[in-house]
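Chemist: Following this message is one structure expressed as structure tokens.
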Amino acid sequence: MDSITTIKDSRIKVKASQYLIDLLEQNKTHLNELPENIRKFLQKQSIQLSSNVEILKENNTQKNPVINVKLLRELLKENISDKSPKTKQDKTTNKSKTTKPNEVLHLHLSDLRWLSNFLSTLRKEQGLDIYLNDVLETCQLELPQNEIIKRNPELEARCQRLREEQQNLEYRKMTKNVDAVLKHYPEDTVAYQIKAINSQIIAVLQFIFSVAAGFAFGFLGINLIIGNMEFGLRLLLGIMCALIIALAEIYFLAKKLNEYDNTVDTVNKAMKKTLPTNKKIHAD
């Protein structure tokens, strides 16, 4: 899954249409000043411009003009049907044309202000009945979007493996009570760890008390049964009994640990057969 970052360019852009590009090309002789990004685009489209055209940079763009309220009211009163069919036909013809591939002109707010002033100049000098809203109807508005960063494939594979392992653990917890193989499988919980520690402590104490009891039996018990014996013989009998009991306890302890390891290995083999790691265990 790709990550989404913050918006780097928060400016609203207007994707210029072919109608606007053709309009600029047809009236390029009336261009006295031109924004820098529009000039670069027109040059890429092999449109020759006059050398006297002044290039407007972003910091040298014109200020926001004053809104003509009277003209705005007149425009609102006009009906769309009053437009000449010739203009509509020209728009339809120009829309069918396409620019060169991978070449798109984006206009910013400063460029739109310049375009509004340029259209007003054309209306005064050439008598063209073209307004900014007519041009914007053929353009497309593009809002700023977050930048998408693709994730590292190795990191994504590692995260996927960890998610599958976590799903395997959850599946084992859910099926532990109904599966005899998973019933003795170790759990990753505090309660299970405490129980394991208690059982190990009990096994150690059992070993110590059993050896001590065997030594006491050989050192004192046989003396009470048979009678007075020498101290060295009593000590030897106590050590022999303690060693025999210690060997027996070590055998049973090793057998128990071996059963624990066999249980874990059996469960792991069963989980590999029934639950392959490259598939999901269950679906929510």
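Chemist: What are the trypsin sites (Lys or Arg not before Pro) within segment 1-44 that DSSP puts in a loop, where the Cβ has at most 10 other Cβ atoms within 10 Å?
Modeler: Those that pass, being in a loop and sparsely packed, are LYS8.
Chemist: Going down the table (LYS195/LYS256; LYS15/LYS44; LYS15/LYS40; LYS13/LYS44), which pairs top 18 Å between alpha carbons?
Modeler: Check vs 18 Å cut-off fails for LYS13/LYS44.
Chemist: For segment 108-127 and segment 2-50, write down the distance between their C-alpha centroids in whole Å.
Modeler: Computed from Cα coordinates, the inter-centre distance equals 14 Å.
Chemist: Work out the FRET efficiency for LYS44 and LEU162 from their Cβ-Cβ distance, taking R0 = 51 Å, and round it to the nearest 0.05. Present the calculation step by step, with values, prior to reporting the outcome.
Modeler: Numbers: r = 49 Å, r/R0 = 0.96.
Efficiency, rounded to the nearest 0.05: 0.55.
Chemist: Report the calculated FRET efficiency for ILE222 and ILE4 (r = Cβ-Cβ distance, R0 = 51 Å), to the nearest 0.05.
Modeler: Values: r = 83 Å, r/R0 = 1.62.
Once rounded, the FRET efficiency stands at 0.05.
Bear in mind that the values in this text are calculations on the coordinates, not laboratory data. Just so it is clear, the model here is predicted, and its values are computed rather than measured. Every residue, glycine as well, gets a Cβ built from its backbone with ideal geometry; the counts of neighbours run over all protein chains shown.
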